[in-house]
Amino acid sequence: MTGSIVTAPTATSHWQKLVHEAQQAAGIELDEQLESYLVFLLMRFTGDVRMAARVMALDYLEGMLAAGRERHDRLRDVGDHCLLVSGLFPRRAERRRVKVSYFVRLGRTAYADLGARLEAGLAGLYRDLAEGFVSLMDTLQAVRRLGGEPALTPLQALELWADTGSAEALQSVSTHTDSVPVVGKDGGAGPH
């Protein structure tokens, strides 16, 4: 009897394919490390029903007060949850009466703190996550767009673009208006 190897698509390969398609749709090219992190993040949080009930600011403060491995895990989870909320579930921000950019700032801060405190290997990853946060968020928002549902309301898109420079948010704004938004002297955005 000859043996044969049966290959079947895995959850990882499905997420990786979706992330690749979203990058192409958004015109983003993540490096291999960030792409892998995003794929495994999606796998890790699939079906996490607790995510919606979390208060990220409290989680961040608790993480800052913790030490060692607990601090690392808590701050990583804050960054990860903020990335998922801002990318896949930005309308939750509206229900909480905060801007999506709040989650961007908080997530970036959590990753940056880890990047500043950890040793060389992981420090670089977390610095890259902080710097690439908007591109990662844009990729996740493109995942939503590929599914036929816009991630952002028109007002959220305009605010997010003005606050973060998100290319995906600008693309969303352009689907709702013929005007071109610009950031004014006061930092606010408006059509011109």
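Derivation of every value follows stated rules applied to the coordinates shown; laboratory data play no part. Everything quoted here is computed from the prediction, not taken from an experiment. All Cβ positions, glycine included, derive from the backbone under ideal geometry; neighbour counts span all protein chains shown.
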* To do: Give me the distance in nm between label points sitting 7 Å out from Cα along the Cα-to-Cβ direction at Glu119 and Glu62, one decimal.
  => 2.8 nm
* Asked: Each residue of the range 172-177 in turn: what ³J(HN,Hα) in whole Hz from Karplus with 6.51, -1.76, 1.60 and θ = phi - 60°, glycine and Pro shown as x?
  -> 5, 4, 5, 7, 10, 8
* Structure fact -> Computed curve, the range 11-151, Cα-only Debye sum without solvent term, log₁₀ I(q)/I(0) at 0.09, 0.22 Å⁻¹, is -0.25, -1.48
* Asked: Within the range 66-137, which GluC sites (Glu not before Pro) sit in a loop by DSSP and count at most 14 neighbouring Cβ atoms inside 10 Å?
  -> Glu119
